[in-house]
Amino acid sequence: MSINLKKIKQLSLCIILQGGLLLNNRSTAQTVQSKGLKDYYKDYFPIGVAVSPQSLKDPQQAALILSQFNSLTPENAMKMGPIHPEENRYYWKDADSIVAFAQAHGLRVRGHNLCWHEQTPDWLFKGADGKQVTKEVLLKRLKDHITAVISRYKGKIYAWDVVNEAIDDDNSKFLRNSLWYQICGEDFIVKAFEYAHEADPNAVLFYNDYNTERPEKRERVYQLLKKLVDAKVPINGVGLQAHWSIYEPDQKDLIETIKRFSSLGIKVQITELDISIYPWEKNKRSLRPGESDAYTADLEKKQADKYAEVFKVFRDYKNVISGVTFWNISDKHTWLDEYPVIGRKNYPLLFDQNFQPKKAYWQVVNF
Ligand code: G3I
């Protein structure tokens with residue numbers, strides 16, 4: 001066996017390199033562990049994440065949450081259906097577990113949400129006779145619900161999404177034709193904020209919606225917010241859900257939305273951030289035969305660039321943006337795996353399916 005010095009040199013070089021990379025990853029991992037998003041943005045705004053009780057029970061996810069985030073939003077546990085399944089019965093267990101985790105670790109909590117057209121309990125809009133309830137009955141039920149839920153977490157939840165997604169998707173319309181609207185007209189929105197403020201005068205109260213960067217939706221949301229502010233309804237802020245993609249919004253539209261809404265003197269928060277690698281589709285469907293859901297290097301770069309772009313805007317407007325929350329923790333579990341294409345894997349967050357930081361993460365923290 002002839003000793004090939006050149007080969008040995010090459011071999012040792014790559015061992016050194018590997019060692020270096022490993023060291024680098026280990027130290028980077030340590031860096032991630034020791035310094036998280038919340039630390040990189042401590043001079044800007046809190047960084048939050050939407051969670052389920054299950055994710056808090058998983059040691060790996062719990063550790064990642066504590067190292068990266070300083071605010072929690074219950075993904076589903078505090079919605080009317082899950083927390084108030086029967087008129088005379090509340091299911092507090094899941095919501096309590098999220099608030100207890102936050103209390104134990106000094107994390108803020110955003111309550112989500114008190115009045116929405118989805119995930120409502122079956123009893124809400126119907127009377128004992130099965131007929132649709134009157135406006136008076138529905139507003140009483142809304143008041144009882146808001147009072148019960150806010151009072152239970154008073155002083156432990158600093159902000160609430162009081163009304164969620166009340167603007168119609170159709171640009172020619174104003175308010176969504178939900179059962180809330182059909183039974184109560186516009187009053188349910190005003191009343192919801194008044195009931196919430198009465199239950200906790202210190203809570204920061206938000207109107208929350210999506211596609212708020214699209215000019216036609218932005219103007220209708222602005223119209224609603226201005227009406228509420230002018231009528232001295234106790235609204236304190238607007239939540240931009242930010243279910244975005246590598247295709248939208250562009251920087252101009254995002255900045256215009258932040259400026260337009262904050263011009264009303266209310267706070268702005270990013271409440272449900274994720275950046276899909278696919279274009280937006282309104283209607284649900286199944287994956288088509290041969291349709292790819294691969295996470296290519298090109299898509300990862302486009303996503304990292306989009307995350308860098310929007311976080312630059314967030315930093316530039318830190319005086320009006322009072323919080324940024326991600327909708328889910330990592331690509332391991334995201335609602336975008338089931339919507340709008342059932343069974344199409346999406347990769348919308350900063351941590352991959354092994355809870356490791358992605359290229360986008362480093363673009364967000366290296367500024
Ligand atoms: O809890 C039931 C479970 O008992 C049942 O076995 C299972 C099977 O159907 O469903 C479970 O409920 C699901 C629930 O999530 C909890 O996992 C509902 O079907 C499912 O529709 C619900 O999806 C949630 C969706 O809101 C409902 O519209 C998503 O997790 C949640 O991420 C999503 O979040 C919304 C925000 O609240 C508002 N903005 C948009 C955002 C994305 O749609």
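The values are calculated or read from the model by the stated rules, or taken from the named source; none is laboratory data. Computed from a prediction, not measured in an experiment: that's the story for all the values here. Note that each Cβ is placed from the backbone with ideal geometry, even for glycine, and that neighbours are counted across all protein chains shown.
General remarks:
Yes or no, residue by residue, for (1) charged (D, E, K, R); (2) in contact with a Lys or Arg (Cβ under 9 Å, 6 or more places away or on another chain):
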{"site": "ASP43", "(1), (2)": "yes, yes"}
{"site": "PRO59", "(1), (2)": "no, no"}
{"site": "THR73", "(1), (2)": "no, yes"}
{"site": "MET80", "(1), (2)": "no, no"}
{"site": "HIS105", "(1), (2)": "no, no"}
{"site": "ARG110", "(1), (2)": "yes, no"}
{"site": "ALA128", "(1), (2)": "no, no"}
{"site": "LEU139", "(1), (2)": "no, yes"}
{"site": "LEU142", "(1), (2)": "no, yes"}
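- Residue check, ILE275 within 16 Å of the ligand (Cβ to nearest atom) and either at positive phi or within 17 Å of the chain's Cα centre (by Cα) (or both): yes
- Of all residues in the stretch 160-190 being touching a strand residue (DSSP E or B) at 6+ places or on another chain (Cβ under 9 Å), among the aliphatic types (A, V, I, L, M) and away from the ligand (no atom under 15 Å from the Cβ), the one that is farthest from LYS217 (Cα to Cα): ILE183
- When the criteria are applied in full, LYS306 meets the requirement of being touching a residue at least 40 places away in the same chain (Cβ under 8 Å), charged (D, E, K, R) and surrounded by 15 or more Cβ atoms within 10 Å (Cβ to Cβ).
- Of the residues contained in the stretch 342-352, one or more are found to be part of a loop (DSSP other than H, G, I, E, B), over 16 Å from VAL49 (Cβ atoms) and at pLDDT below 95.
- Any hit, the stretch 318-330, residues being free of Cβ contacts under 8 Å to residues at least 12 places away in the same chain and not acidic (Asp, Glu): yes
- One residue stands out in the stretch 191-246 among those that are buried (at least 18 other Cβ atoms within 10 Å of the Cβ) and among the β-branched types (Val, Ile, Thr): the one that is nearest to the ligand (Cβ to nearest atom), namely THR212.
- Listed by first and then second residue, the pairs linking a residue in the stretch 90-114 that is β-branched (Val, Ile, Thr) and modelled with pLDDT of 95 or more to a residue that is away from the ligand (no atom under 12 Å from the Cβ) and part of a helix (DSSP H, G or I), with Cβ atoms under 8 Å apart and 6 or more places separating them unless they lie on different chains, are ILE98/LEU56; VAL109/ILE98; VAL109/VAL99; VAL109/ALA102.
- Any hit, the stretch 191-198, residues being under 23 Å from GLY48 (Cβ atoms), under 23 Å from the mean Cα position of the chain (by Cα) and aliphatic (A, V, I, L, M): yes
- Matching residues in the stretch 334-349 - criterion: being farther than 24 Å from LYS252 by Cβ, of a type outside the set (Ser, Thr, Tyr) and buried (at least 17 other Cβ atoms within 10 Å of the Cβ): LEU336, ASP337, VAL341, ARG344, ASN346, LEU349
- All positions within the stretch 139-156 that are crowded, with 16+ Cβ neighbours inside 10 Å and either acidic (Asp, Glu) or away from the ligand (no atom under 16 Å from the Cβ) (or both): LEU139, ARG141, LEU142, LYS143, HIS145, ILE146, ILE150, ARG152, TYR153
- Cβ separations smaller than 9 Å between residues 6+ apart or across chains give the following pairs from the stretch 339-354 residues that are in contact (Cβ under 8 Å) with a residue 12 or more places away in the chain and hydrophobic (A, V, I, L, M, F, W, C) to residues that are assigned to a loop (DSSP other than H, G, I, E, B) and more than 16 Å from the ligand (Cβ to nearest atom): VAL341/LEU287; VAL341/ARG288; VAL341/GLU291; VAL341/ASP293; ILE342/LEU287; LEU349/LYS358; LEU350/LYS358; PHE351/LYS358.
- Within the stretch 21-50, residues that are under 18 Å from LEU349 (Cα atoms) and at pLDDT 95 or above reach partners that are in a helix (DSSP H, G or I) and of a type in the set (A, V, I, L, M, F, W, C) with beta carbons closer than 6 Å, at six or more positions or on different chains, in the pairs TYR40/VAL365; ILE47/LEU37.
- Among all positions in the stretch 282-294, there is no residue which is closer than 28 Å to LEU107 by Cβ and in a loop (DSSP other than H, G, I, E, B).
- Filtered residues of the stretch 272-291 (kept if surrounded by 14 or more Cβ atoms within 10 Å (Cβ to Cβ) and of a type outside the set (A, V, I, L, M, F, W, C)): GLU272, ASP274, SER276, TYR278
- Those residues of the stretch 313-333 which are surrounded by fewer than 21 Cβ atoms within 10 Å (Cβ to Cβ) and polar (S, T, N, Q), in sequence order: ASN319, SER322
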